[in-house]
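First comes the structure, then the notes that go with it.
The values are calculated or read from the model by the stated rules, or taken from the named source; none is laboratory data. None of the values given here were measured: they were computed from a predicted structure. Heads up, the Cβs are rebuilt from the backbone with ideal geometry, glycines too, and the neighbour counts pull from every protein chain shown.
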């Protein structure tokens, strides 16, 4: 029998959803606004999309952001996986507590502090050894890697402790050398965690404004930096169009992920039934 | 039938009796920085199946892991096939020991099929030989139809078979099993225990199993070592462990039973509140020594003419038999196993007699052993 739903709970749900999605909805609607002033409706138009695709500035900022995000995600996943392996698999080593603390510190460190300290580091390094000569894509990428790898390490560590050590022991017991065990057992099992870590690092980097603002140099503005500076100078509606495109991309991504998940679940159920019938 | 260990031909058991395959010489191990195994020694001969039995936390798994090479030892040494594999700060790594282990939760590789799981230990063989070997194992374990399935698509018993097949495929010198049946339900457990036991005996595989379940231990172990607090308390056949336990702990841990107090008289009988009990052998106690006698449930016999009157306080139906918990008029608790047709309810009065021939006797309050 269907239970009668509580009106109170339903209205709270609606309010919450409205709170989350009305701003996005408004943004999408206003991206089709003809008027040059963001908050005044001037009829339906796609002129801002045209102007968006013609805007050199926005495209180069987007490309820069994507480049940084991809390189960052890749390096952060590599280093973070190594750190996670050390955290989860090397039980006792000298300075373990210190290492654990230092790995997770960037997670709780205010971004302003991280950004400022990295800026100081780059300036000092530039004075001492002449590198980095000027700040830009390299320094932003390095800064992003330093904090993203902490997130990856945490994901990998929890995934590893979830998998447990028994499978690796079983492989050793069957005569596999430790490197083989790593390649044939640990890494394949870790792959979903590494993918999750990569995606998280990618998103974090694409999202970051504060740290990038500290360590970037002239001529290298990431997309969040560009949007923020536009807001300060007065918003042009082509930013709305850009935001709509981003929302669309994210929505498609989420839909695909959901579709894959549902398919996997159905497959699992079929498998379970198959195993159960015998 | 194929022989699964080249070093343990099954037709020459008498000769191999004398050949120790596994020798553990006085090892000690820590677990989580606390001493878990104390000066532990054990010798297993070729073709023998032995079992370490004990409550959780008694160090049995630590011993097994030390044999497999996963756990360092702090004193003593371990020899497999006359080669030292573990000594203090000198360990042969697990992958070089030729030991096959069946893990508690099977530890099948979830991303590999049954066939690939079984082939995992056969790297050194050529592709052809490997396929042959895997096919043979699949047939032997009755897994032929499931070769291309993944572990999560198999039932518990099938997973168990895959785990065993994977451990046996590389023809290890020694098979280790850590609570192999603990994830199976009761019925399957007994069935698998029997099946595995037959298979190991047939192939002459030397095997060490650890378990906390005495039924598993008795199904598989020619010899069973009862462990407590990191050491073997009694090393014996299942029969002797049940009928001639040497300490209070073993008597209590193996099988059911109660202890009743009494005094020794004339070295051959014990005066208890339930009457005089005769012993078939001379008792090594002085007259009037305060001792306790072990009464197994099958020592308490239903007899309408019996001298002891007791009330039923609990009953557990076990099919052909019913296990009763009784309380005598003096308040002594007894366990009794009656044939199922002697059916009583809780609170009923029952007459019983004691039918004990071999007395198992300990000093009173010897609980601390």
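Tell me, which residue of region B:140-150 that is more than 10 Å from every other protein chain (Cβ to nearest Cβ) and outside any loop (DSSP other than H, G, I, E, B) is farthest from residue B:117 (Cα to Cα)? This residue is B:140.
Scanning region B:33-54 for any residue that is within 14 Å of another protein chain (Cβ to nearest Cβ), under 16 Å from residue B:209 (Cα atoms) and either surrounded by fewer than 22 Cβ atoms within 10 Å (Cβ to Cβ) or out of contact with any helix residue (DSSP H, G or I) (no Cβ under 8 Å at 6 or more places or on another chain) (or both) turns up nothing. Taken together, A:179, A:190 contain a single residue that is at pLDDT 90 or above, touching a helix residue (DSSP H, G or I) at 6+ places or on another chain (Cβ under 7 Å) and within 14 Å of another protein chain (Cβ to nearest Cβ), which is A:190. The strands (runs of 3 or more DSSP E) falling completely within region B:155-260 that include 2 or more residues that are within 28 Å of residue B:333 (Cα to Cα) and touching a strand residue (DSSP E or B) at 6+ places or on another chain (Cβ under 7 Å) map to B:223-228, B:231-236. Assessment of region A:161-171 against the conditions (within 19 Å of the chain's Cα centre (by Cα), in a helix (DSSP H, G or I) and touching a residue at least 40 places away in the same chain (Cβ under 8 Å)) yields no matching residue. The requirement of being assigned to a helix (DSSP H, G or I), more than 8 Å from chain A (Cβ to nearest Cβ) and either closer than 15 Å to residue A:167 by Cα or touching a helix residue (DSSP H, G or I) at 6+ places or on another chain (Cβ under 9 Å) (or both) is fulfilled nowhere in region B:82-95; no residue meets it. Between B:202, B:187, the distinction of being touching a residue at least 12 places away in the same chain (Cβ under 8 Å), surrounded by fewer than 17 Cβ atoms within 10 Å (Cβ to Cβ) and either more than 14 Å from chain A (Cβ to nearest Cβ) or within 22 Å of residue B:98 (Cβ to Cβ) (or both) belongs to B:202 only. Of the numbered criteria (1) within 23 Å of residue B:221 (Cα to Cα); (2) modelled with pLDDT of 90 or more; (3) surrounded by fewer than 20 Cβ atoms within 10 Å (Cβ to Cβ), the one residue B:77 fails is (1).
When region B:255-276 is filtered for residues that are touching a helix residue (DSSP H, G or I) at 6+ places or on another chain (Cβ under 7 Å) and either surrounded by 16 or more Cβ atoms within 10 Å (Cβ to Cβ) or modelled with pLDDT of 90 or more (or both), the ones remaining, listed by number, are B:255, B:257.
Given the options B:359, B:326, name the one that is under 32 Å from the mean Cα position of the chain (by Cα), on the phi < 0 side of the Ramachandran plot and free of Cβ contacts under 8 Å to residues at least 60 places away in the same chain. B:326 is the lone residue from the list that is under 32 Å from the mean Cα position of the chain (by Cα), on the phi < 0 side of the Ramachandran plot and free of Cβ contacts under 8 Å to residues at least 60 places away in the same chain. Given the criteria surrounded by fewer than 21 Cβ atoms within 10 Å (Cβ to Cβ), under 20 Å from residue B:353 (Cβ atoms) and outside the structural domain of residue B:224 (by TED's automatic domain parsing), does residue B:279 qualify? Considered against the rule, which asks whether it is surrounded by fewer than 21 Cβ atoms within 10 Å (Cβ to Cβ), under 20 Å from residue B:353 (Cβ atoms) and outside the structural domain of residue B:224 (by TED's automatic domain parsing), residue B:279 comes out as yes.
The criterion of at least 3 residues that are under 19 Å from the mean Cα position of the chain (by Cα) and surrounded by 13 or more Cβ atoms within 10 Å (Cβ to Cβ) is met, among helices (runs of 4 or more DSSP H) falling completely within region A:35-147, by A:56-89, A:96-108, A:111-129.
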